[in-house]
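J.: Here it is, the structure in full.
The values are calculated or read from the model by the stated rules, or taken from the named source; none is laboratory data. Since this is a predicted model, take the numbers as computed values, not measurements. Here the Cβ is made from the backbone with ideal geometry for all residues, glycine too, and neighbour counts use every protein chain on show.
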Amino acid sequence: MNPTPVRPPARIAVVGAGPGGLICARVLQRHGIDVTVYDLDASATVRDQGGTLDMQPDTGQYALRAAGLWDDFTPLARPEGDQWRLVGRDGRTMFDGAPPGDGQVSPEIDRGQLRDLLIGSLAPGTVRWGHRLDHAEPLGDGRHRLHFAHGESTDTDLVVGADGAWSRVRRLVSDATPRYTGVTFVETGLNDADTRHPELAALTGAGTMMALDDNLGLVAQRNSGGHIRVYVGIRTPEDGLRQAGVDPAAPADPAAVREVLLARFADWSPALHGFITDTDTGYIHRPLFALPVPHAWDHTEGVTLLGDAAHLMSPFSGMGANLAMRDGADLARALVDHSTVDEALTAYEKVLLPRSAEAAEGAAGALDSAFATDSAEQILAHMTAHH
């Protein structure tokens, strides 16, 4: 039998309706604890949620089971998406790893589908859309007043920073800010790929294709609905594209971006150039940032962090959303299992901080290996060792 939840009921505010924040709210509600989620988006559908995620056994899958959503997740999942293919700059397949047959797969799901599943599992009105946090004001005794950009404010006994890379809640506990990693992605995409781009679709396979060499990379990632999301990666100074004649801050000129990217990949196989040239979605500039490793903070009454707010790291770890979901499940469980908010936060952070540091260190190493002079050899050795 679970201990009685915090009494009197704590006013819990989760800032950010990403996977971690939503999982936290769902687990709390399953155990009869009230929670409100505040998100800056005007609605659940106002923007694209990004690419696909592989739900890993000890993190994403664990969180879905804790949330009682595993049976709802499985019809949406794509187990075949857990395929990794490494292609050389000459277009030759170097490694092709199908999902293992031992049941320990990490099935894929589109971010948008996952978010819809999580939102739909919450009590109506749990998520307050259109609430961009301006700042959080400490009131003493662990209480905080959240001030939103449109003028509304609310008081809390616990504020959970699930508000991503540029978290405003993080300012309550840490002076750390994300730093540029040295690698920039340019995102593009292929629609109805099997019909309209059959050669690129065949090269991508059922999951993720990577071609990495000499500080450059192409990553093609299957999504549902026949879409392939493509990331063109370059190790470059933060203003490298601007120096090359493309202003990342201005609306993208597709012809100018295409010309700059093709020049970088000029000596790569023409079979790979289509991932750059055959865009159906245009180009989006995405420099990669990460928090310092390790990122830790002194225990602060009434506030904690999860997900990217706590441990923003390179996407080459494959751990970001998975860790956020495990964070959210663990935090909620700690609040269920302890009689005070402060005891719960102490227990949660004792697990969170070392786990985050280990994962972030691994993510930084993975990015350095992927964008190095001998990246193809390093990644091939890693894939061979893990399959």
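J.: Within the stretch 38-57, take every residue that is hydroxyl-bearing (Ser, Thr, Tyr) and more than 19 Å from Ile23 (Cβ to Cβ) and give me the one that is modelled with the lowest pLDDT. Explain how you work it out, then say what you get.
T.: Within the stretch 38-57, the first condition is being hydroxyl-bearing (Ser, Thr, Tyr), and the residues that meet it are 38, 43, 45, 52.
Checking the rest, the ones that are also more than 19 Å from Ile23 (Cβ to Cβ) come to 43, 45.
On the way: Ser43: 90, Thr45: 84.
This residue is Thr45.
J.: Okay, moving on. If we keep just the residues of the stretch 231-259 that are surrounded by fewer than 17 Cβ atoms within 10 Å (Cβ to Cβ) and either of a type in the set (Ser, Thr, Tyr) or over 20 Å from Thr181 (Cα atoms) (or both), which is modelled with the lowest pLDDT?
T.: Pro251
J.: Could you please tell me which pairs satisfy a Cβ distance under 8 Å, a separation of 6+ or placement on different chains, a first residue in the stretch 244-272 that is closer than 23 Å to Leu203 by Cβ, and a second residue that is small (Gly, Ala, Ser) and assigned to a helix (DSSP H, G or I)?
T.: If the second residue must be small (Gly, Ala, Ser) and assigned to a helix (DSSP H, G or I), no pairs are left.
J.: Return yes or no: is Ala211 over 21 Å from the mean Cα position of the chain (by Cα) and either over 18 Å from Thr52 (Cβ atoms) or of a type outside the set (Phe, Trp, Tyr) (or both)?
T.: Values: over 21 Å from the mean Cα position of the chain (by Cα): yes; either over 18 Å from Thr52 (Cβ atoms) or of a type outside the set (Phe, Trp, Tyr) (or both): yes.
Taking the combined requirement at face value, the residue satisfies it.
J.: Go over the candidates Leu353, Leu331 one by one and state the one that is in a helix (DSSP H, G or I) and surrounded by 21 or more Cβ atoms within 10 Å (Cβ to Cβ).
T.: Working: Leu353 fails: surrounded by 21 or more Cβ atoms within 10 Å (Cβ to Cβ).
Going through Leu353, Leu331 in turn, just one is in a helix (DSSP H, G or I) and surrounded by 21 or more Cβ atoms within 10 Å (Cβ to Cβ): Leu331.
J.: In addition: Evaluate the following for Thr236: is it among the hydroxyl-bearing types (Ser, Thr, Tyr) and more than 27 Å from Ile23 (Cβ to Cβ)? Break it down stepwise before answering.
T.: Numbers: among the hydroxyl-bearing types (Ser, Thr, Tyr): yes; more than 27 Å from Ile23 (Cβ to Cβ): yes.
Taking the combined requirement at face value, the residue satisfies it.
J.: When residues of the stretch 107-158 are filtered for being touching a strand residue (DSSP E or B) at 6+ places or on another chain (Cβ under 6 Å), small (Gly, Ala, Ser) and within 18 Å of Gly21 (Cα to Cα), how many remain?
T.: Matching residues across the stretch 107-158 total 1.
J.: Out of the stretch 242-286, which residues are aliphatic (A, V, I, L, M), over 25 Å from Arg196 (Cα atoms) and under 24 Å from the mean Cα position of the chain (by Cα)?
T.: Ala249
J.: Would you call Leu139 aliphatic (A, V, I, L, M) and assigned to a strand (DSSP E or B)?
T.: Numbers: aliphatic (A, V, I, L, M): yes; assigned to a strand (DSSP E or B): yes.
Spelling it out, Leu139 is indeed aliphatic (A, V, I, L, M) and assigned to a strand (DSSP E or B).
J.: Let me ask another. Would you check which residues across the stretch 177-226 are part of a loop (DSSP other than H, G, I, E, B), in contact with a helix residue (DSSP H, G or I) (Cβ under 8 Å, 6 or more places away or on another chain) and either among the polar types (S, T, N, Q) or at positive phi (or both) and list them? Walk me through it before giving the result.
T.: First, the residues of the stretch 177-226 that are part of a loop (DSSP other than H, G, I, E, B): 177-178, 191-192, 197, 205-207, 214-215, 223-226.
Pick out the ones that are also in contact with a helix residue (DSSP H, G or I) (Cβ under 8 Å, 6 or more places away or on another chain) and you get 197, 206-207, 214-215, 224, 226.
Correct list: Asp214, Asn215, Ser224, Gly226.
J.: When you scan the stretch 309-317, do you find a residue that is over 30 Å from Ala250 (Cβ atoms), buried (at least 23 other Cβ atoms within 10 Å of the Cβ) and small (Gly, Ala, Ser), even just one? Steps first, please.
T.: First, the residues of the stretch 309-317 that are over 30 Å from Ala250 (Cβ atoms): 310-311, 317.
Now restrict to residues that are buried (at least 23 other Cβ atoms within 10 Å of the Cβ): 310-311.
Restricting the remaining residues to those that are small (Gly, Ala, Ser) gives 310.
Yes, the stretch 309-317 contains a residue that is over 30 Å from Ala250 (Cβ atoms), buried (at least 23 other Cβ atoms within 10 Å of the Cβ) and small (Gly, Ala, Ser).
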